[in-house]
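S.K.: Would you mind keeping the following structure in view while I ask a few things?
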Amino acid sequence: MRYYRNRFPYSNGYHRHHHHHRHQWTGPILVAVLIGVVLAFIAMPATVFYAIGDFLGMWTDKGDTVGSDNLIHGIDVSRYQGEINWQQVANENVISFAYIKATEGSDLTDSRFADNFKGAREVGLRVGAYHFLSDKSNMRDQFENYRRHVPKSKLDLLPMVDVEESGVGRWSAAQIQDSLAVFCQLVKDHYGKLPIIYTYSNFYNNYLYEHFHNYYLFIANYNHYPNIKGAGQHNIWQKSERGRINGIHGYVDLDVLSNGTTLDDIAL
């Protein structure tokens, strides 16, 4: 909100004429203000940054919609979507499942996980929870972080592990493969089934394809249908990161089950 000074601040009804002089300190103050604005932008929390980007994007880009095909569609969300009106999402009658970010590394929990998990299940969506793999801590500690927050009894879909460059970029290919295999085995020991693995097409082709082709795969590719090496087949395709769904402010990831895969296939 902008506050404007009263043009006539004096009660006697007369205007006082001011002679405006340029003060010597005006320049330094303007420089200081500009520096402050730049520093504030740099320090801006990611959630605010994305919110501003999404707000501006609303005026220039309508985003992607689910469409009217007969495929099974879902979304995956995290705190970056802010507060979600899950009833509105369900009322669209186009979304059947949701994967919700639960944890990251050994000590981070998504601040919206509990609300999103509860809200999505209450409106009848099939719900899964995912862990973002990090190269900053060991696999047992990361799994324990996930296990503490994701109750087996309330999980509809397979646990999901998100492995990508931004999380494990400091590891070699062998370290990525070994660590991911350990995490997946810990999931199977506790939840009874191996997790579904989420990654990008290029990352899978460069690091995973020879070792994880027997897993259920959740592959992101925004330009075209996923093309992955080896014998593996993707089961869920994340086809857009700029989706629009009623009940969600800004963009959301849009996912679709591949032909031949059902929700029962990836059910826990």
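S.K.: Compute the distance in nm between two label points, each set 7 Å from the Cα along the Cα-to-Cβ direction, one at residue 166 and one at residue 88.
M.R.: Inter-label distance under the simple model: 2.4 nm.
S.K.: Let me ask another. If you take the charge dipole of segment 153-244 about its Cα centre, with +1 on Lys and Arg Cβ and -1 on Asp and Glu Cβ, which of 232, 206, 186 is farthest toward its positive end?
M.R.: The Cα lying farthest towards the positive end belongs to 232.
S.K.: Follow-up question, since we're still on this one. Students often check this: by mean Cβ neighbours within 10 Å, which of 165-171, 122-128 ranks highest, and how do the rest follow? Could you put the intermediate results ahead of the total?
M.R.: Details: 165-171: 13.7, 122-128: 18.7.
The peptides rank, most packed first, as 122-128, 165-171.
S.K.: Relative to the Cα centre, what is the charge dipole magnitude of segment 70-136, using +1 at the beta carbon of each Lys and Arg, -1 at the beta carbon of each Asp and Glu, and rounding to the nearest 20 debye? Intermediate results must be reported in sequence, preceding the final value.
M.R.: Details: 7 positive and 9 negative charges, 26 e Å.
About 120 debye.
S.K.: By a straight-distance test (C-alpha under 18 Å), which aspartates and glutamates pair with residue 239 as possible cross-link partners, with residues fewer than eight away in the same chain excluded?
M.R.: Hits, sequence-local ones excluded: 61, 64, 69, 76, 162, 164, 253, 255.
S.K.: So how far, in whole Å, is the C-alpha centre of segment 107-151 from the one of segment 204-221?
M.R.: Between the Cα centre of segment 107-151 and that of segment 204-221, the gap is 21 Å.
S.K.: If you add up the charges near residue 206, with Lys and Arg at +1 and Asp and Glu at -1, over every other residue whose beta carbon is less than 14 angstrom from its beta carbon, what do you get? Intermediate results must be reported in sequence, preceding the final value.
M.R.: Working: positive: 229; negative: 164, 165, 210.
Counting the neighbours of residue 206, the net charge comes to -2.
S.K.: Past the 28 Å Cα-Cα mark, which pairs from 136/193; 193/229; 101/136; 62/193; 62/154; 152/229? Don't skip to the answer; put the middle values down first.
M.R.: Numbers: 136/193 25 Å; 193/229 24 Å; 101/136 18 Å; 62/193 39 Å; 62/154 35 Å; 152/229 32 Å.
Over 28 Å apart, Cα to Cα: 62/193; 62/154; 152/229.
S.K.: Cβ under 15 Å from residue 268's Cβ, residue 268 left aside: what net charge do those residues give with Lys, Arg +1 and Asp, Glu -1?
M.R.: Numbers: positive: 121, 126, 147, 152, 154, 188, 193; negative: 156, 189, 264, 265.
So the surrounding residues net to +3.
Read-outs: derived from the displayed coordinates by stated rules, not from any lab. Since this is a predicted model, take the numbers as computed values, not measurements. FYI the Cβ positions are ideal-geometry reconstructions off the backbone, even for glycines, and counts take in every protein chain you see.
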